[in-house]
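Student: This structure is in structure tokens; I'll ask about it shortly.
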Amino acid sequence: MTAPPSANAPAPRAGRGERIAIRGDLLDFVADPEWGATDSPAVRFRPDTWVLAEDGRIVGVQADAPDPTWQRDDHAGRLVLPGFVDTHVHSAQLDVIASYGTELLDWLTTHTFPAEARHRDGAHAEVAAAHFLDALLAHGTTSAVVFPTVHAASVDALFAAAETRGMRLVAGKVLMDRNAPAELVDDVATGEREMEALVARWHGRHRLAYAVTVRFAPTSSREQLALAGRLCRADPTLYMQTHLAENRAEVRWVHELFPEARSYLDVYANAGLLHAKSVFAHGIWLDDADRAAIAAAGAQIAHSPSSNLFLGSGLFGWRAARDAGIHVSLASDVGGGTSLSMLRNMADAYKIQALAGERLTAWTALHAATRGAAVALGLAGEIGSLEPGTLADVCVWDPAAGTVATRRAAAARSLHERVFAWMTLADERNLVAAYVAGKARYRRRGERVILSEAKDPGVAPPRDPSLRSG
Ligand code: GUN
Ligand code: ZN
């Protein structure tokens, strides 16, 4: 342990010009790791290193402690990663996470729509948005692509809460004008008016961006899909998010509702909703032509492992998507998903691939939740890595918690083995701190930050040699 700052040390600067340095074992990616490679040049592991941030941005990375004018958070021996990016999650569904007994379409009507209807109350939406974002941070997720509800107040509440916390958020009013309860549908004219106002209020403000948000094809008329497409065409900086080919009964329903479309994806493509800023959740039941079209558009699939298992939706063909050239990011899809923890979702993703006869490395999983998501969203200059110039969205993790994980970590002989065991066994209880743009927005209860003078890095706990090589 290092000494507390001495009384006459220069005080760390506050406010503008704020400088913070975080010490730990830095892990991020410089490229997309090759499928199946446990030893990959795309992995950047820098043991016992300081990451330096000034005015919210990473300005450097160095082995030695910076001078005492920096606030120094010494997490020697812990993992330091970019904050996770959850590319598909529902802010109004925390109240129905872990609901028993249904597949997608029943689950929506039995559990989900009633929970979302409660968000017409603006006060409820505000409390829920704050709780949701604090929960994301407490799970190590600092950026997200989010479905709130159809209610404009729920979108306002979510964006406002994200702005308060300085988070990168992509979200938009959920569009539904059929096949849903009356309190959750609107008409094309209302949808258009509310979307335009929300885009004007929030798109491009601070770290916020608007996504044209079509719930899924069955709950939108052709007219509403056409409106969504018009908006995307009018402003190519807007994102688009929706669900795609998640469940077999859903796919059959789409074929009944849109018999003219070759495939589920084509319903969206025909409406102008397939483009480089499209985020398609799930994409399980696709064919090669769909995959080729998604890749050609530069769109992404937000793979949602715990949701796919919990709702019995199917086994995502990650390898086929990747071989087709599709960006695959990772998502919790709470409340269909069973945890906001991206680590829990990575562990589930591994099991899905195992059932599909594939092996998912820790590198591919972690990349999908960090740099891969950032690249897919066109935000690699801002999030997803510890690269100087990006915003300092950084999380500090215990490499093991509890006796079983600690013993397993000690037995690991390579970096991949150790990180894979961490990914498989860890969850939000391993999270020590989450920084958003250089500010600590979450610290584990009872966690004592060591503000280190750290003139002598030699006082740190001995380094584990197993962590030094790839
Ligand atoms: N398809 C349409 N709406 C939803 C939703 O809220 N969650 C999931 N998982 N799939 C959907
Ligand atoms: Zn979803």
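Student: Could you pull out every one of the aspartates and glutamates with an alpha carbon less than 12 Å from that of Lys439, ignoring same-chain neighbours closer than 8 positions?
Tutor: Excluding near neighbours in sequence, the set is Glu18, Glu54, Asp55, Asp73, Asp393.
Student: For region 241-330, state which GluC sites (Glu not before Pro) are in a DSSP loop and have at most 11 other beta carbons lying within 10 Å of their beta carbon.
Tutor: Answer in residue order: Glu260.
Student: Using a cut-off of under 18 Å, list every residue of region 233-263 whose amide N is near the label point 7 Å from the Cα of Ala296 along the Cα-to-beta-carbon line.
Tutor: The answer is 261-263.
Student: For the chain, what is the largest minus smallest coordinate of the Cα atoms on each principal axis, given in angstrom and ordered from greatest to least?
Tutor: Largest first, the chain extends 70, 47, 39 Å along its Cα principal axes.
Student: When all protein chains stay in place, what accessible area (Å², nearest 10, 1.4 Å probe) is found for Phe113?
Tutor: Ignoring ligands and nucleic acids, Phe113 comes out at about 10 Å².
Student: Taking a 1.4 Å probe, which of His327, His303, His111, His206 shows the most accessible area, and what order do the others take after it?
Tutor: His206, His327, His111, His303
Student: Same structure again: To the nearest 0.05, what FRET efficiency results for Ala226 and Arg118 with a Förster distance of 35 Å applied to their C-beta separation?
Tutor: The computed FRET efficiency comes out at 0.70.
Student: Testing the spin-label approximation: label points 7 Å from Cα along Cα→Cβ at Asp64 and Asp288. State their distance in nm.
Tutor: According to this spin-label approximation, the distance is 5.9 nm.
Student: By how many nm would the segment from Ala189 to Tyr100 grow when fully extended, if each residue of separation counts as 0.36 nm and the alpha-carbon distance is taken off?
Tutor: 28.4 nm
Student: Per-residue HN-Hα couplings for region 35-50, Karplus 6.51 cos²θ - 1.76 cosθ + 1.60 at θ = phi - 60°, whole Hz, x for Gly and Pro?
Tutor: 4, x, 8, 7, 10, 9, x, 6, 8, 10, 10, 10, x, 6, 9, 9
Student: For Tyr442, tell me the accessible area in Å² from a 1.4 Å probe, rounded to the nearest 10.
Tutor: Spelled out: Tyr442, probe radius 1.4 Å, area about 50 Å².
Student: Right, next: Under 16 Å from a point 7 Å along the Cα-to-Cβ line of Arg413: which residues of region 35-67 have their amide N that close?
Tutor: 38-39
Student: Just how much of Lys439 is accessible, in Å², when a 1.4 Å probe is used and the result is rounded to the nearest 10?
Tutor: 90
Student: Summing -39500 (n - 2.57) over the DSSP H runs of n ≥ 4 in the chain and dividing by its residue number, what mean residue ellipticity at 222 nm do you reach, to the nearest 500 deg cm²/dmol?
Tutor: -9500 deg cm²/dmol
Student: Right, another one. Could you give the distance between the Cα centres of region 54-74 and region 281-311, to the whole Å?
Tutor: Distance between centres, Cα-based: 40 Å.
The values are calculated or read from the model by the stated rules, or taken from the named source; none is laboratory data. All values derive from a computational prediction rather than experimental measurement. So basically every Cβ, Gly included, is an ideal-geometry build from the backbone, and we count neighbours across all protein chains shown. SASA here: full protein model, heavy atoms, side chains in, ligands and nucleic acids out. Shrake-Rupley method; radii C 1.70, N 1.55, O 1.52, S 1.80 Å.
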